[in-house]
1. How many of the residues making up segment 228-272 are hydroxyl-bearing (Ser, Thr, Tyr), over 13 Å from Gly19 (Cα atoms) and either in contact with a Gly (Cβ under 7 Å, 6 or more places away or on another chain) or open to solvent by less than 70 Å² (accessible area, probe 1.4 Å) (or both)?
2. Output the residues belonging to segment 86-118 that are β-branched (Val, Ile, Thr), part of a strand (DSSP E or B), in contact with a strand residue (DSSP E or B) (Cβ under 6 Å, 6 or more places away or on another chain) and open to solvent by 50 Å² or more (accessible area, probe 1.4 Å).
3. Please pick out the residue among Ala79, Ala69 that is among the aliphatic types (A, V, I, L, M), closer than 21 Å to Glu113 by Cβ and surrounded by fewer than 16 Cβ atoms within 10 Å (Cβ to Cβ).
4. Can you name every residue in segment 193-219 that is open to solvent by 10 Å² or more (accessible area, probe 1.4 Å) and either closer than 25 Å to Asp264 by Cβ or touching a helix residue (DSSP H, G or I) at 6+ places or on another chain (Cβ under 8 Å) (or both)?
5. Looking at the structure I just gave you, is Leu268 in a helix (DSSP H, G or I) and at pLDDT below 55?
6. Looking at segment 246-268, I want the residues that are small (Gly, Ala, Ser) and have a partner that is part of a loop (DSSP other than H, G, I, E, B) with Cβ atoms under 7 Å, at least 6 apart or on another chain. Which pairs are those?
7. Which of the residues that make up segment 1-41 are outside any helix (DSSP H, G or I) and open to solvent by 30 Å² or more (accessible area, probe 1.4 Å)?
8. Tell me which residues, restricted to segment 122-160, are small (Gly, Ala, Ser) and surrounded by 19 or more Cβ atoms within 10 Å (Cβ to Cβ).
Amino acid sequence: MAAQTFRDIWSLVALHVPGAPISLVQSWVQGAYDELLGNRHWAWLRREVVLSTLASRSLTVTFTQGSDAITSAAGFVVATDPGRQIRVGTGPIYTISTVATTSSATLTQAYVETGGAQTAAIKDVYIVMPADFRSIHTVTDLTIQRPIAWWISTDRLDLFDPGRMSSDTRFRVLAAATISQVPSLLGRVTYEAWPHPTAAGSYILRYFIRTDALDDDTAFQGVLATNAMALQTGALAEAAKWPGTAEKKNPYFNLALSTKLDADFRLLCRQLDVMDDDQYLMNLQQVDLSKFGLAALSADTTLMRQSDATLADYY
């Protein structure tokens with residue numbers, strides 16, 4: 001059976017409410033889709049990408065107090081510097097917004113420190129998530145075969161390193177940061193990499209995608225590929241709440257029916273949860289990540305290798 005599409009579902013809903021504008025019918029289906037997936041970590045919503053950091057470098061940069069414009073003698077890299085961070089000594093961390101030439105760039109905010117030529121470091125402090133990012137599943141450093149702690153809050157990180165003085169070749173924590181203000185990455189979710197990495201590196205990010213606006217030809221995936229009728233039920237629950245217009249009443253308007261359809265929709269959602277877990281178990285929370293402290297996750301396998309215990313003793 002071919003996967004059902006957005007058009008397939010809203011067309012069926014429209015047959016029940018012939019007087020409703022198509023855009024309204026589509027919004028009912030979109031709403032059911034958003035509600036269904038808004039808080040679910042289904043297998044087919046998971047993606048995997050490589051997060052990369054570039055090596056940090058030092059250069060002489062001229063700043064002007066109160067201005068977001070910075071200059072350097074052919075020190076910027078047009079292709080890769082936008083979105084990276086720049087810092088003078090232990091001063092505030094700024095983000096490079098645009099790079100017009102190798103000698104001219106702008107910051108996402110005005111420079112507030114004393115102006116003039118300064119020795120600065122350009123590095124990757126804030127890691128930008130993919131455009132369709134919703135939440136993290138896991139982050140892994142394959143070089144040393146260890147997970148990256150992504151559940152540490154910025155407030156908690158402030159207790160360990162409030163001035164963000166720590167740096168290392170690779171980061172061991174991703175702490176939730178701000179939304180990107182870089183034009184080419186505007187609105188994207190960012191995480192702070194800590195300790196601030198100084199070397200080039202790659203990390204595996206497994207994440208869940210967010211729900212976006214559906215197109216007519218969007219084919220539903222995963223358990224919805226052949227069970228998208230659940231969305232029709234959710235949309236009809238909304239259709240039964242719509243009284244119609246002053247000129248043309250909605251014959252499908254029935255609040256009691258709406259209540260029943262809403263209950264049916266929620267039952268179908270639970271059934272789809274079970275079907276998804278049959279395909280790939282995702283809803284069972286097996287490890288309480290919050291119980292792991294920062295220090296416990298900053299170590300590597302050195303201690304294990306130096307001890308006289310065998311691998312079996314750790315299991």
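The values are calculated or read from the model by the stated rules, or taken from the named source; none is laboratory data. Since the structure is predicted, the reported quantities are computational estimates derived from the model, not experimental observations. Cβ coordinates were reconstructed from backbone atoms using ideal geometry, including for glycine residues, and neighbour counts include every protein chain displayed. For the accessible areas, the whole protein counts, side chains as well, though only heavy atoms, and no ligand, DNA or RNA atoms are used. Shrake-Rupley method; radii C 1.70, N 1.55, O 1.52, S 1.80 Å.
1. Quick first cut of segment 228-272, residues hydroxyl-bearing (Ser, Thr, Tyr) only: 233, 245, 252, 258-259.
Next, from what is left, pick out any that are over 13 Å from Gly19 (Cα atoms): 233, 258-259.
The next check asks that each one be either in contact with a Gly (Cβ under 7 Å, 6 or more places away or on another chain) or open to solvent by less than 70 Å² (accessible area, probe 1.4 Å) (or both); those that pass are 233, 258.
Residues meeting the conditions: 2.
2. Thr98, the sole residue that qualifies.
3. None of the other options fit; the residue is Ala69.
4. Scanning segment 193-219 gives Trp194, Ile209, Thr211, Ala213, Leu214, Asp215, Asp216, Asp217, Thr218, Ala219.
5. Working: in a helix (DSSP H, G or I): yes; at pLDDT below 55: no.
Here the answer is no, as Leu268 does not meet what is asked.
6. Taking only residues 6 or more apart or on different chains, the pairs are Ser258/Ala240; Ser258/Lys241.
7. Filtering segment 1-41 for residues outside any helix (DSSP H, G or I) gives 1-5, 17-21, 38-41.
Met1, Ala2, Ala3, Gln4, Pro18, Gly19, Pro21, Gly38, Asn39, Arg40, His41 - these are the residues of segment 1-41 that are outside any helix (DSSP H, G or I) and open to solvent by 30 Å² or more (accessible area, probe 1.4 Å).
8. Applying the first criterion (small (Gly, Ala, Ser)) to segment 122-160 yields 131, 135, 149, 153.
Across segment 122-160, the qualifying residue is only Ala149.
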